[in-house]
Structures are given as C-alpha cells and as structure tokens.
C-alpha cells in the first residue's frame, strides 16, 4: 500500500485513534462513489501520518459488509489491510477502495454527498443537491434531461414563428430527415419529441422549449440557457454579442458572425485560385452545434464562441459524459448528454446524422492543412474545443488529394491522423504512431499498410527497427484542384500570377508559363513580351532559351 502525500478528490484520510464514527465512514465512501471513486485510508491523520485503526475496525470482512448494508444501492468495496512501519513500531492501516458508481449512491439514512475541491486546493465532502442529481445522471447517460417535460410550460410557450422557421428549414435543407418533410405542425412536434403527453395533454419538452420557445418563456423556464460570441484583438474586444431565445436563430447568427471574422487566403496552383478560410467552416459549424447539443442545461453558464490571436474557442458548460475523454472522442461509441435534443438537431439537418461530429471537426482541419483541433483545456465544469490558427501545409493538402485519388474516396480520419503524425513527428515506428493517434497497434499497422500500398508512406527497416515516413515525392506533388473550393484564374490575372511566380522562383521561362497556366507556348510568349514592355519583367537571352527575371528596384 502506498499512502499518498496528501488528500485529493480521490483520496480521503480518516483518523481512527479514537474510533471514527460509522456515519463518517459512510459519508466518505458515498462521496467518493458519487464523484470519481477513490480510496478511503482508515487510520491515517489529515497530514498523512499513519496512526492505525481502532480495534473495532480490524475485521475487514465485517467492514466491507457494513458498507454494503448501509448504502443504497449497496456499494461493493474492496478492503485492503496493511501493516505500515512508523518510526520503531508498526500500525495497521486499512484502505477502502471505492468504485466510481454509475448511479447515485446514498447512505441508508438518505444522505447523498460528493467530493469537491475548496478554494485552497484541499478536498471536502459536501451534499449532492437535487438540481445536481440531474447533472450527475445525465453525465452518466442515465437520464435525458432534454426529453423531460419542461416545468410549468404550456403549448402557448412555443413561438409559431419559430415553428414556421423550422418547417422552412426542413423543406429547404438537404441534410434533413426525409421522413419529417411535409409533416403537419402537430405531427412534426411529436416526431421530434418537442412535445410529450402528460395527463392527457401535450406539453413542451426541454428540447421543444429550446428549439421553439418564445424568448420570454425560455428565460422563465430555462434561466441557465445563454450564449455569447466574442472577437478579441489583444486586450480589445471587437465584438461581444450575448444571446438568449431559441437555438436555431442563435446558431444561424453565430455562423454568420464567424464567416465575417474568418478571413480567407488565396492559394494559386497552376491556373486555379483556391480560397482557404482561416478556420474550416465545416469544423466550426459542427463545433458550435455540438456545444449547444451537449451542454448541461441544468448548469449556469454560456455556450461561448471566441476568436482571438490564438484561434477559435468553442466552450460549453458541462463535462464530457461518462466514458468520453478528449483522447477517445474518435473511438468511443456516439453518446451524448441530451439525446432528444441531438436527435432533433440531426433530423432537421443541423448536426452530423451519424453522431460522428468529432470526425467532421478533425477532417475539416486536416483537409485544410491546419493543426489538429484540441479538447485538452476541458475540465469537470466545461468542454472546450480549440481550433488553432496556423499556416496551411500545402504539401499535406496535396497528399490528402493524392490519397483520395488513389482510394477513390476521402481517406478515413484514421489515415489522415496517421499521415499527420508522420508529418508532425517525422519517421516513427508503428507503436509510436499508435500512441499519437490513440489507435490500437493492430489498427495502426493495418492503416499504415494501406497508406504504404497507396505509395503515401514509405517503410524502412534499420537494425531490426521498422519506421514509417511520408513519401516526400508525393508530399511535394503539384497541387491538383478538387479538395477545397477553387476556381480557375481569369486571363486578366495571368500577368500578376506570372510576376508572382518569377519573384518567388527568381526567373521564369516561356515553357514554365505555358505549363503553369495550361496555355500554348505562343500565348505564353505574348504575355511575357507584354510584361517586358511594361517594365514588370526583364528579358535575358534570345529565342526559346530566353529567361525572364523580376525587376530589381534601384533606390
């Protein structure tokens, strides 16, 4: 047994020199079970000094049975006795190992507690209040608050204008569930579970109020609901919008605001202009919808979308649900806190129908050659998605295009993550790639073999160690338009593109211009002669071997 240096959320010390009360033991065990589980060290002082257990607690079998008999539902704990040497003597310390419960546990007398951290960083056990029970159960996937009938809500609390807006979205949206197109208002409300029967009457659910409620009704029924959109430049606040009211217009306005603050840069490849936004619109959209769909509506706080010099942050109140972490987002089976709400958002075409919104967020960033999105700042109080700014990796975009051409479809998110690992870290063993991508070793090896057969990845064995690396020849391929929004450069823009090419490469020839713009040699020559006449390029040599150089400014 290794006694920790200090108490924590998952470690509790109890002195037993004067025989700690049974109630104190039960309180500590229940609080640990209702949080993250942990260990109660019986016979240890608050400062971590072992002093031993009272003789009445030395029967470990009886102690485990006592905990099971005095908790509801019965809690099964493991009791581990250990003799600990202290100075010149030994004392008996008992570790009561408490599992994390998947339901709410109470003492037989009805006390429900949880662990929390105080302002000074030390832990304590506190009551689990009624409103926190919903939060706890929803995070455990044991209760869907969004499907519950909204308290004190009537059908009059729903806004007819929002119902009409929803119907129009369904009729015009390409992603909407075909089975709900053409339904009457009453049929639609029932199909999406926006109302539920109670006492023979149809009453709005929490989902119904969130999607269709009048602003005043939402403020009364769900005072925790709110959102904000912010743009920061240094210490200056450029935009600060606060939202209330139904979700659909909030999401629409947030998307529009994001577009206004999502600058595009133009990349020129051959005769094509590629518009590449700073943040992938598809990734940002999924992030915003997921924030509203998965937030904890029993907690105070806002869904916040913030843009600053670091990137885009999308934050919502409420932790990840049980079994989901920032590391396993792509692997875990789709699950959420508000099942009814997310189902409605999917069926009206707002959310990813497969439940793989995280995949779309990763894919949006990777296809744009950007850094990976991050959820590492998430905590027990909120989930935070960060999409960083950064220069697009054009070579990586080219490689993904090559993968799509070879495979006949978009590469899987796992293939892209494996390529990203090799791009970011250089040559790696399959085991290292597995650690980077959070795949199993077997899955990683199959993925790398597929990329190797597509000639995107090379395998090298040295001194018995096999490493994989990007195929640099493919990584440096000329860009072939198709994976991002692109349009052909107009002939009026040819001169600027040629001058830019000459400035970048140091010189340009007739053949290079013909290849670059996909035009014949005579057309290329005429443009170059015009640029020389205009003083924008300088010619050297004669005939087919002529080279054209940028003009050097003389000051």
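We did not get these values from a lab; they are worked out from the coordinates using the rules stated. This one's a predicted model, so the numbers in the text were calculated from it and none came from an experiment.
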Rounded to the nearest Å, the spacing of the alpha-carbon centers of the range 324-399 and the range 174-218 is 27
On C-alpha positions alone, give me the angle between the axis of helix 247-260 and the longest principal axis of the chain, in degrees, nearest 10.
40
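As a check on your grasp of the helix formula, calculate [θ] at 222 nm for the chain: sum -39500 (n - 2.57) over DSSP H runs of n ≥ 4, divide by the residue count, round to the nearest 500. Present the calculation step by step, with values, prior to reporting the outcome.
Numbers: 19 runs with 199 residues, N = 555.
For the chain, the value works out to -10500 deg cm²/dmol.
So what is the relative contact order of the range 394-475, in percent, for Cα pairs below 8 Å that sit 6 or more residues apart? Could the numbers behind the result be given before it?
On the way: 93 pairs, mean separation 27.1, N = 82.
So the answer I get is 33 percent.
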Taking a ≥ b ≥ c as the square roots of the Cα gyration tensor eigenvalues, with a/c under 1.5 meaning rounded and otherwise prolate when a/b beats b/c, else oblate, which class fits the range 11-127?
oblate
I need to check one value: relative contact order of the chain, counting alpha carbon pairs closer than 8 Å and at least 6 residues apart, in percent.
9
On a C-alpha basis, how far is the centre of the range 118-165 from the centre of the range 41-107 in Å? Whole number, if you could?
35
With axes computed from alpha carbons, what is the tilt in degrees of helix 160-172 against the longest principal axis of the chain, rounded to the nearest 10 within 0 to 90?
50
Kindly express, to the nearest 10 degrees and within the range 0 to 90, the angle between helix 60-69's C-alpha long axis and the longest C-alpha principal axis of the chain.
80
Cα centroid distance between the range 497-555 and the range 227-286, in Å?
39
Let me make sure I get this right: for the range 490-550, a, b and c are the square roots of the gyration tensor eigenvalues over alpha carbons, sorted descending. Under 1.5 in a/c it's rounded, otherwise prolate if a/b > b/c, else oblate. Which is it?
rounded
Quick note, the range 394-475: a/c under 1.5 would make it rounded; otherwise a/b > b/c is prolate and the rest oblate (a ≥ b ≥ c, C-alpha gyration tensor); here it is prolate
For Rg/Rh (Cα atoms, Kirkwood Rh), pick the label among [x] 1.02; [y] 1.09; [z] 1.17 that corresponds to the value derived from the coordinates.
[y]
